[in-house]
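Encoded as structure tokens, the structure appears first; notes follow it.
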């Protein structure tokens with residue numbers, strides 16, 4: 001079973017287990033690509049200096065499964081996006097759309113970990129969002145703005 005820790009409030013580090021690979025604000029694209037996770041990741045978008053990668057594996061945190069995408073500008077890590085892969089009915093919601101249910105779960109999770117749904121730190125910020133045009137919700141760990 002592969003697991004992840006949510007970002008450490010002090011360092012911004014997000015750990016993947018069992019590999020022990022750590023995503024952090026100073027991670028370079030070269031270091032990511034040299035890792036086991038980087039070697040098995042697939043390119044989602046490549047647009048000039050901007051490249052995003054989807055990790056091949058799913059990761060468990062608590063009872064939920066997460067899909068991770070990593071965004072770079074040249075060598076700089078911009079952000080890590082975590083998208084809930086668990087069926088929301090498992091959490092008892094049935095009245096709203098699936099993605100809004102996921103957004104509610106994301107907000108609750110961040111509130112329980114950090115004391116607020118969209119915390120800001122010295123290393124960056126964490127944003128829970130729902131994009132109605134694209135029809136999805138995710139958590140973005142933002143280290144640098146594009």
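The values are calculated or read from the model by the stated rules, or taken from the named source; none is laboratory data. Keep in mind it's a predicted model, so treat the numbers as computed, not measured. For neighbour counting, all protein chains shown are included, and Cβ atoms are generated from backbone atoms with ideal geometry for every residue, glycine included.
For the stretch 33-47, give me each residue that is surrounded by 17 or more Cβ atoms within 10 Å (Cβ to Cβ) and touching a helix residue (DSSP H, G or I) at 6+ places or on another chain (Cβ under 9 Å).
38, 41 - these are the residues of the stretch 33-47 that are surrounded by 17 or more Cβ atoms within 10 Å (Cβ to Cβ) and touching a helix residue (DSSP H, G or I) at 6+ places or on another chain (Cβ under 9 Å).
Hey, does the stretch 22-32 have a residue that's assigned to a loop (DSSP other than H, G, I, E, B), under 12 Å from the mean Cα position of the chain (by Cα) and surrounded by fewer than 16 Cβ atoms within 10 Å (Cβ to Cβ)?
no
Let me confirm something: among 111, 106, 101, 69, which residue is out of contact with any strand residue (DSSP E or B) (no Cβ under 9 Å at 6 or more places or on another chain) and not in a loop (DSSP other than H, G, I, E, B)?
Just a single option satisfies the conditions, and that option is 111.
Across the stretch 114-144, what is the number of residues that are touching a residue at least 40 places away in the same chain (Cβ under 8 Å) and touching a strand residue (DSSP E or B) at 6+ places or on another chain (Cβ under 8 Å)?
Looking only at that region, the number is 13.
Just the residues that are over 12 Å from the mean Cα position of the chain (by Cα) and not in a loop (DSSP other than H, G, I, E, B), please, taken from the stretch 126-146.
Selection gives 130, 131, 136.
In this structure, does residue 81 turn out to be under 14 Å from the mean Cα position of the chain (by Cα) and either at pLDDT 90 or above or exposed (fewer than 13 other Cβ atoms within 10 Å of the Cβ) (or both)?
So residue 81 fits the description; yes.
Residue 50 versus (1) in contact with a strand residue (DSSP E or B) (Cβ under 6 Å, 6 or more places away or on another chain); (2) surrounded by 15 or more Cβ atoms within 10 Å (Cβ to Cβ): which is the lone unmet condition?
(2)
In the stretch 33-50, what count of residues is obtained for those that are part of a loop (DSSP other than H, G, I, E, B) and under 28 Å from residue 109 (Cα atoms)?
So the answer is 1.
How many of the residues in the stretch 33-78 are in contact (Cβ under 8 Å) with a residue 60 or more places away in the chain and closer than 16 Å to residue 20 by Cα?
Qualifying residue count, the stretch 33-78: 1.
Suppose we keep only residues that are part of a loop (DSSP other than H, G, I, E, B) and within 24 Å of residue 84 (Cβ to Cβ) within the stretch 1-10. Which one would you say is modelled with the lowest pLDDT?
Going through the qualifying residues, I end up with 1.
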